[in-house]
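Working notes, structure below.
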Amino acid sequence: MLAVCALWADTSMDTLLKGVETRYNQAKTLQVLFQEQYTPPGHGQRTESGILMLRKPGRMRWAYSQPPGKLFVSDGKLLWLYTPAENRVEKMKFQETDDMRAPLAFLLGKLHFEKEFRNLQAKREGLDTRITAEPKTDNLPYSAVEFVVAPDSRIKEVKVTGFDKSVLHFTFDQERLDPKLSDNLFRFEVPKGAELVEAGQ
C-alpha cells in the first residue's frame, strides 16, 4: 500500500510539473500584475506592486505603480534598476546580478524543474498546490524557492529565500499569455540627470 501511494504521489507530482513547464515553455511573452513583498534580514517588510512583462529570451520589465516610477528592465544581457526617489540607476550584467527577481526569468526560458531544482516536494492547499525546491547549483544567491500552482498550471505565487535569510515573495494576478509586447519595453535609457552606478565599480 505504501509503495502504491508513493508511486501515485510521484506520478501526480510529475503531471503537475509537466503541466507548468508546458504552459510557460510554449509562451513567447507574458504579462501579469504583481505584488512584491521583500523582507531583508533583521528589518521590516516592504511591499511594492506593478505590472511585469516577460519576453523570450531573458527580457523582463517590472514597471512599478507602487512606488510610482520605479523600473527594473532586462534586455537579456544587461539589467537596469531605476529608483526615481533617489534619481539613481544601477546597471549590471544579467549573469552577474544577485537580484532575486532574476529566478523568475526562467518562466520564459526553458523551464525544467528536474534540471534546475532538487528536493522537489508538493503539498495541496485547497485547489492549489505548493511546490518547494532548492536550486541544484550553489552558485546562485538563493537557497530555496516555493511556487503556488493553480489547477490550470498557472503560477500564482513565487517565494524566494536568499542565503542571507532575506525573503522575496511575489503574488501574481490577471496573467496573460502571449500578449503583443513592443521591443521598446525592454530597452532602457538613463533619465537625464540620474546618477549611474555600474556593478563592480
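The values are calculated or read from the model by the stated rules, or taken from the named source; none is laboratory data. Note that this is a predicted model, so its numbers are computed, not measured. When we count neighbours, we look across all protein chains shown, and the Cβ atoms used for this are built from the backbone with ideal geometry, even at glycine. Keep in mind that these areas ignore ligands, DNA and RNA; they rest on the heavy atoms of the full protein, side chains included. Shrake-Rupley method; radii C 1.70, N 1.55, O 1.52, S 1.80 Å.
Name the residue, out of Glu175, Glu134, Glu116, Glu189, that is more than 21 Å from Pro57 (Cβ to Cβ) and surrounded by 12 or more Cβ atoms within 10 Å (Cβ to Cβ).
Glu134
Conditions first: (1) within 28 Å of Ser12 (Cβ to Cβ); (2) modelled with pLDDT under 85. Asp138 passes all but one, so which condition is the exception?
(1)
I need the full set of residues from segment 137-149 which are buried (at least 17 other Cβ atoms within 10 Å of the Cβ) and assigned to a loop (DSSP other than H, G, I, E, B), in order please.
Listed by number, the list holds a single entry, Leu140.
Tally time: how many residues in segment 50-66 are open to solvent by less than 60 Å² (accessible area, probe 1.4 Å), in a strand (DSSP E or B) and either among the basic types (Lys, Arg) or within 21 Å of Leu177 (Cβ to Cβ) (or both)?
9
Could you pull out the residue among Val145, Val167 that is modelled with pLDDT under 95, in contact with a Pro (Cβ under 7 Å, 6 or more places away or on another chain) and among the hydrophobic types (A, V, I, L, M, F, W, C)?
Val145
Filter segment 30-66 down to the residues that are touching a helix residue (DSSP H, G or I) at 6+ places or on another chain (Cβ under 9 Å), of a type in the set (D, E, K, R) and closer than 22 Å to Lys159 by Cβ and list them by number.
Scanning segment 30-66 gives a single hit, Arg61.
Just to verify a result, which residue in segment 67-83, among those that are in contact with a helix residue (DSSP H, G or I) (Cβ under 9 Å, 6 or more places away or on another chain) and not polar (S, T, N, Q), is surrounded by the fewest Cβ atoms within 10 Å (Cβ to Cβ)?
Taking the candidates together, the pick is Lys77.
Consider Leu33 carefully, then state whether it is in a strand (DSSP E or B), touching a residue at least 24 places away in the same chain (Cβ under 8 Å) and open to solvent by 60 Å² or more (accessible area, probe 1.4 Å).
It is true that Leu33 is in a strand (DSSP E or B), touching a residue at least 24 places away in the same chain (Cβ under 8 Å) and open to solvent by 60 Å² or more (accessible area, probe 1.4 Å).
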